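Working notes, structure below.
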Amino acid sequence: MNKIKALIATTFLAFGLIVAPTFNGAIGDVDLDAKLTVNKTEVERGDTLTYTFRVENTLTEPLLVYLAPGMNGDHAFSPYVDYIDGSTTWTDSLGATGDIADTWIEIDPITNQTGVNLNYIDPGEWVTLSFKAKVREDAPDNAFIESVVQIKKTWLVFEDEEGNVVDPNEWIQCAARSTLTGDVLAAADELPDTGPENVIATSLLIGYVGVLLRKLKLTKYL
């Protein structure tokens, strides 16, 4: 019996470890379709990356979308990229679009928070936010480039019996990843000169050495 209980506990623990990280998919207490994507998975220094966050309201009531960079306030865009000023835009399923001020990635001195309110979207509708970043020239070879945004669980905010707003301040994190490809050769000028003249000279040298070795071998056995 104890072995069976241990097996069941281990199974549940393993299942919990598998489903716990909720990046880009159905989200815990509600079935919400939210994800962050990037247009390039393999990049080089100086490349421009376009990140796109998309969320669709799969709930039965309007959803207030509040988006912020980072994960728990201590991880946002990869240290190997620089955000491109003026690159953030939004669009929705109704065809509306617009620009978003760069202040959405900065800490507000009053609220001490980052982020942007994308307003309410009705059930079945979606909204996207896109921004660009450039891969840094000092990024190391094979660097793992991960950027993160987070959407607030606004459906958990409520008013208590006294009319006070209760905000659990819970977030969902979405990540997009790229890898910096390493250089195969440091520089072309490090390769030896393999022009026709050198190829002929090398061939003649190898032939001459072969003749000498053959003469030495014959001398040994005479």
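Which of the residues spanning the range 41-56 are closer than 27 Å to residue 153 by Cβ and among the β-branched types (Val, Ile, Thr)?
50, 52, 55
Looking at (1) at pLDDT 95 or above; (2) assigned to a loop (DSSP other than H, G, I, E, B), which is the only condition residue 72 fails?
It fails just one condition, (1).
Would you check if residue 85 is out of contact with any strand residue (DSSP E or B) (no Cβ under 9 Å at 6 or more places or on another chain), closer than 30 Å to residue 141 by Cα and assigned by TED's automatic domain parsing to the domain that holds residue 172?
In short, yes.
Report, ordered by the first and then the second residue, all pairs with beta carbons closer than 6 Å, sequence separation of six or more or different chains, a first member in the range 114-128 that is charged (D, E, K, R), and a second member that is part of a loop (DSSP other than H, G, I, E, B).
Going by the 6 Å Cβ cut-off, the qualifying pairs are 122/62; 125/57; 125/93.
Could you say whether any residue in the range 53-69 is under 20 Å from residue 39 (Cα atoms), touching a residue at least 12 places away in the same chain (Cβ under 8 Å) and among the aromatic types (Phe, Trp, Tyr)?
Yes, there is a match, as at least one residue in the range 53-69 is under 20 Å from residue 39 (Cα atoms), touching a residue at least 12 places away in the same chain (Cβ under 8 Å) and among the aromatic types (Phe, Trp, Tyr).
Exactly one condition in (1) in contact with an Asp or Glu (Cβ under 8 Å, 6 or more places away or on another chain); (2) modelled with pLDDT of 95 or more; (3) buried (at least 18 other Cβ atoms within 10 Å of the Cβ) is not met by residue 129; state its number.
Here residue 129 clears every test but (1).
Which one of 29, 33, 92 is more than 20 Å from residue 143 (Cα to Cα), out of contact with any helix residue (DSSP H, G or I) (no Cβ under 7 Å at 6 or more places or on another chain) and modelled with pLDDT of 95 or more?
92
Given the criterion in a strand (DSSP E or B) and either modelled with pLDDT under 95 or of a type outside the set (Phe, Trp, Tyr) (or both), identify the matching residue among 52, 22, 10, 60.
Result of the check over 52, 22, 10, 60: 52.
Of the residues 151, 121, which is β-branched (Val, Ile, Thr) and either over 22 Å from the mean Cα position of the chain (by Cα) or exposed (fewer than 12 other Cβ atoms within 10 Å of the Cβ) (or both)?
It is 121.
I need every pair where a residue in the range 151-177 that is farther than 26 Å from residue 53 by Cα has its Cβ under 6 Å from the Cβ of a residue that is outside any strand (DSSP E or B), sequence separation at least 6 or different chains.
Pairs that qualify, where the first residue is farther than 26 Å from residue 53 by Cα and the partner is outside any strand (DSSP E or B), are 166/160.
So residue 117 passes all but one of these: (1) at pLDDT below 95; (2) assigned to a strand (DSSP E or B); (3) within 14 Å of residue 78 (Cα to Cα). Which condition number does it fail?
(3)
The values are calculated or read from the model by the stated rules, or taken from the named source; none is laboratory data. From a predicted model like this one, the values you see are computed outputs, not experimental measurements. As a convention, Cβ positions derive from the backbone with ideal geometry for all residues, glycine included, and neighbour counts pool all protein chains shown.
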